[in-house]
Structure formats: C-alpha cells, structure tokens
Amino acid sequence: MALSQQRAHGTEGQGAGTGPEAVPGGGSPIPHVDGVEHRWVEVDGLRMHYAEAGAGNALVLLHGWPQHWWCWRHLIGPLAEHHRVICPDFRGMGWTEGSEGGYSWHGMARDVTDLLDQLRVGEFSLIGHDWGLVIGYRACFNWPDCIRQFVALGGIHPWVLEGAQIRLITAPWHIYLLALLGELAAGRMGITERCLRVWRHAGEFTPEEIETYMSVIRQPKSANATTHFDRNVVLHELPHLALHYRHLRVRMPTLHLNGDHDPLLPSAPASYRKYADDMQLELVPDCGHFVAEERPEWLLKRLERFLV
C-alpha cells in the first residue's frame with residue numbers, strides 16, 4: 001500500500017523548535033519532545049497520527065486513557081537510543097481522527113497493525129498502558145508471530161476472572177460510569193480530570209500537564225471515543241472474556257507491571273501462569289497508575305533488562 005505521510009515540525013515562532021508543534025490542517029498544537037517527529041497516515045479511512053524517534057528494531061508504545069502519545073515523553077529519548085520508537089494515537093484520541101465505530105479491542109489493535117504494515121514494520125516489541133494494555137494483549141493473541149515481546153502497564157490481565165476478588169472488578173468504576181453517562185460524566189461531572197489527579201501516587205501532574213491532556217480529551221471526537229470504548233468494554237469485551245478467557249494464550253515473553261499503589265488494581269490473581277508461556281507479573285514500588293510518568297527511571301532500568 002502506498003504510504004501517505006504528512007510531517008509536523010516546530011517553527012521559528014515556537015522557540016526554535018522547543019515549543020508546541022504545528023499540526024497540518026490546524027488543530028491543537030502538539031507538545032514538543034526533543035528528537036520526535038510527527039507523521040500521519042490513512043488507516044481505515046482515518047488520518048492516524050504517530051510520533052516517532054530513533055532507529056533500529058521497532059518498539060511500539062500504546063498510550064492509555066485519558067492521554068495520548070505524550071505520556072511516553074520521559075521514555076522516548078532513552079529508548080530511541082537503541083530502538084525505532086513509534087507512538088500512535090488511537091482513533092479519536094490525541095491527534096488521530098475519530099469515528100462513530102471501530103472502538104473494539106480487536107478493531108483498535110487492527111488500526112495499530114495496519115499502521116505498522118504501512119510503515120513496513122514486520123516484527124516489533126510492544127508496550128501498552130491502560131487502553132494500550134488491553135489492546136496490546138489483543139494484538140498478542142491475534143498476531144503472535146509479529147510481536148517479539150510485550151510489556152503491559154497499569155491494568156488487569158485477561159485471565160483475571162479466574163480467582164479475582166469482586167473489588168478488582170469494581171475498582172475501575174469510571175468505566176461503568178462513563179459507559180452509562182458518557183460526556184455528562186467525563187465533562188460536566190469532572191471525572192476525567194479527577195482521574196488524572198487521583199490515580200497518581202508518586203508526585204503529581206502540573207496544571208500545564210493536566211491541560212495538555214484535557215485540551216485534547218475534551219474535544220468531541222475524544223469524548224465520543226471514550227464513551228464508545230467504555231460501552232464496548234461493558235457490553236461486549238468483559239462478557240466475551242468471561243466466556244472465552246480459557247482459550248486465550250500469550251506465547252511471547254511478557255512483562256506485566258502494576259504500580260503498588262494503583263487504585264484501579266487492589267490485587268491481581270496468579271491465574272495467568274496457566275495461560276502464558278513466559279510471563280512475569282511484578283509490582284512497581286511507590287507508584288500509582290501512571291507508571292511511565294511516575295517512575296520513568298525505574299521503568300527504563302527494568303525495560304533495559306527485559307527488551308532485546
């Protein structure tokens with residue numbers, strides 16, 4: 001398939017490339033990270049954005065909610081010293097166009113693999129946080145021959161229903177509320193900004209960092225994506241997992257990391273051991289939900305030992 005790309009760079013009026021970067025066709029400026037270039041390709045009829053840095057074996061970083069590619073800002077530079085780092089924005093999130101459908105885990109995983117096909121990436125390592133975690137697991141199940149290694153951050157594993165306590169299922173209360181009330185909960189009730197503040201344990205987001213996320217997530221396309229994604233989780237993904245999790249197996253080396261103070265994860269059963277060829281589940285010390293932003297140095301050291 002012919003590759004159609006557009007690239008955004010900083011301009012002289014943006015502090016010699018150190019300020020927000022212009023977006024082709026307009027839209028919210030993209031926050032600047034040294035060494036990162038921004039490109040768009042057409043995927044499933046949508047203009048999909050990804051940030052890229054470095055060279056070498058491909059390493060794909062999938063963001064969570066209510067965030068976008070910028071959540072990896074502390075990791076991109078160090079990882080790009082040895083990898084070609086690719087950070088997509090999911091459909092409706094960040095600087096990727098939205099749609100009325102396509103928010104299933106399979107559909108969003110397919111968006112990522114279609115993007116990588118256009119970039120002529122064959123094998124890749126994968127890191128996913130929150131939304132990116134569940135979409136990453138789905139990619140591992142669907143395309144195991146393409147993924148060398150998988151790192152899951154801040155979320156439950158797919159076999160959690162086997163041996164889980166009820167509080168683990170109810171802890172992510174925001175999913176049920178957003179699925180039911182949509183924009184009323186996300187915007188008017190302030191649930192989104194509250195999650196950014198409450199889910200963090202080590203340090204806190206500055207007002208500027210919160211606005212970097214909120215200025216995008218409050219856009220209609222992102223509010224729509226949030227509602228559709230969470231309704232799909234409640235109505236389809238969780239019931240499907242309950243029926244079929246015993247048939248799911250992850251075959252590549254997998255490292256699953258959760259913050260030891262993540263309010264969304266009060267516990268995690270060891271049931272994954274029956275369904276994974278080579279998987280480790282570890283706790284990140286003194287950390288809440290946002291591992292890559294709360295404990296970036298710890299995470300980089302752990303990734304250095306795991307990634308090849």
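Being in contact (Cβ under 8 Å) with a residue 60 or more places away in the chain, hydrophobic (A, V, I, L, M, F, W, C), open to solvent by 20 Å² or more (accessible area, probe 1.4 Å) and not in a helix (DSSP H, G or I) is a property that does not hold for residue 242. If you go through segment 183-198 and keep only what is modelled with pLDDT of 75 or more and either touching a Gly at 6+ places or on another chain (Cβ under 9 Å) or not aliphatic (A, V, I, L, M) (or both), you end up with 183, 190, 192, 193, 194, 195, 197, 198. Can you find even one residue in segment 137-147 that is within 24 Å of residue 195 (Cβ to Cβ), in contact with an Asp or Glu (Cβ under 6 Å, 6 or more places away or on another chain) and modelled with pLDDT of 95 or more? No; the residues of segment 137-147 include none that is within 24 Å of residue 195 (Cβ to Cβ), in contact with an Asp or Glu (Cβ under 6 Å, 6 or more places away or on another chain) and modelled with pLDDT of 95 or more.
Okay, residues lined up against (1) in contact (Cβ under 8 Å) with a residue 12 or more places away in the chain; (2) in contact with a helix residue (DSSP H, G or I) (Cβ under 7 Å, 6 or more places away or on another chain); (3) among the basic types (Lys, Arg); (4) under 16 Å from residue 133 (Cβ atoms):
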position	(1), (2), (3), (4)
256	yes, no, no, yes
264	yes, no, no, yes
271	yes, no, no, no
277	yes, no, no, no
282	yes, no, no, yes
286	yes, no, no, no
291	yes, yes, no, yes
297	no, no, no, no
308	yes, no, no, no
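Any residue in segment 270-282 that is part of a loop (DSSP other than H, G, I, E, B), touching a strand residue (DSSP E or B) at 6+ places or on another chain (Cβ under 9 Å) and open to solvent by less than 50 Å² (accessible area, probe 1.4 Å)? Checked segment 270-282: at least one residue is part of a loop (DSSP other than H, G, I, E, B), touching a strand residue (DSSP E or B) at 6+ places or on another chain (Cβ under 9 Å) and open to solvent by less than 50 Å² (accessible area, probe 1.4 Å). Per this entry, residue 152 is counted among residues that are of a type in the set (Gly, Ala, Ser), touching a strand residue (DSSP E or B) at 6+ places or on another chain (Cβ under 9 Å), buried (at least 18 other Cβ atoms within 10 Å of the Cβ) and under 25 Å from residue 239 (Cα atoms). Test of understanding: among 202, 179, which residue is of a type in the set (Gly, Ala, Ser), at pLDDT 95 or above and under 20 Å from the mean Cα position of the chain (by Cα)? Within the list 202, 179, the selection yields 202. Here residue 287 meets the list (1) surrounded by 20 or more Cβ atoms within 10 Å (Cβ to Cβ); (2) at pLDDT below 95 almost entirely, failing just condition (2).
I'm checking my understanding of the structure. Among residues of segment 156-182 that are of a type in the set (Gly, Ala, Ser) and open to solvent by 10 Å² or more (accessible area, probe 1.4 Å), which one is nearest to residue 231 (Cα to Cα)? Break it down into steps so the answer makes sense when it comes.
Restricting attention to segment 156-182, the residues satisfying the condition of being of a type in the set (Gly, Ala, Ser) are 163-164, 171, 179, 182.
Add one more test, that the residue is open to solvent by 10 Å² or more (accessible area, probe 1.4 Å), and what stays is 163-164, 171, 179.
Details: 163: 25, 164: 22, 171: 17, 179: 4 Å.
Step by step, filter segment 156-182, then rank; the result is 179.
Considering each of 124, 141 in turn, give the residue that is touching a residue at least 24 places away in the same chain (Cβ under 8 Å) and touching a helix residue (DSSP H, G or I) at 6+ places or on another chain (Cβ under 8 Å). Steps first, answer last, please.
On the way: 141 fails: touching a helix residue (DSSP H, G or I) at 6+ places or on another chain (Cβ under 8 Å).
One residue alone meets the criteria, 124.
Within segment 128-187, the set of residues being under 20 Å from residue 262 (Cα atoms) and in contact with a Lys or Arg (Cβ under 8 Å, 6 or more places away or on another chain) comprises just one member, 159.
Taking segment 15-72 as the range and being at pLDDT below 95 and of a type in the set (D, E, K, R) as the test, the residues that pass are 21, 44. Of all residues in segment 297-308, those that are open to solvent by 30 Å² or more (accessible area, probe 1.4 Å) and assigned to a helix (DSSP H, G or I) total 6. Among the candidates 231, 251, single out the residue that is in contact (Cβ under 8 Å) with a residue 60 or more places away in the chain and open to solvent by 50 Å² or more (accessible area, probe 1.4 Å). After applying the criteria, what remains is 251. Of all the numbered requirements in (1) surrounded by fewer than 17 Cβ atoms within 10 Å (Cβ to Cβ); (2) out of contact with any strand residue (DSSP E or B) (no Cβ under 6 Å at 6 or more places or on another chain), residue 123 misses one, and that requirement is (2).
The values are calculated or read from the model by the stated rules, or taken from the named source; none is laboratory data. Everything numeric in this text was worked out from a predicted model, so none of it was measured. In this analysis, Cβ positions are derived from the backbone assuming ideal geometry, glycine residues included, and neighbour counts consider all displayed protein chains. The accessibility values were calculated without ligands, DNA or RNA, using every heavy atom of the protein model including side chains. Shrake-Rupley method; radii C 1.70, N 1.55, O 1.52, S 1.80 Å.
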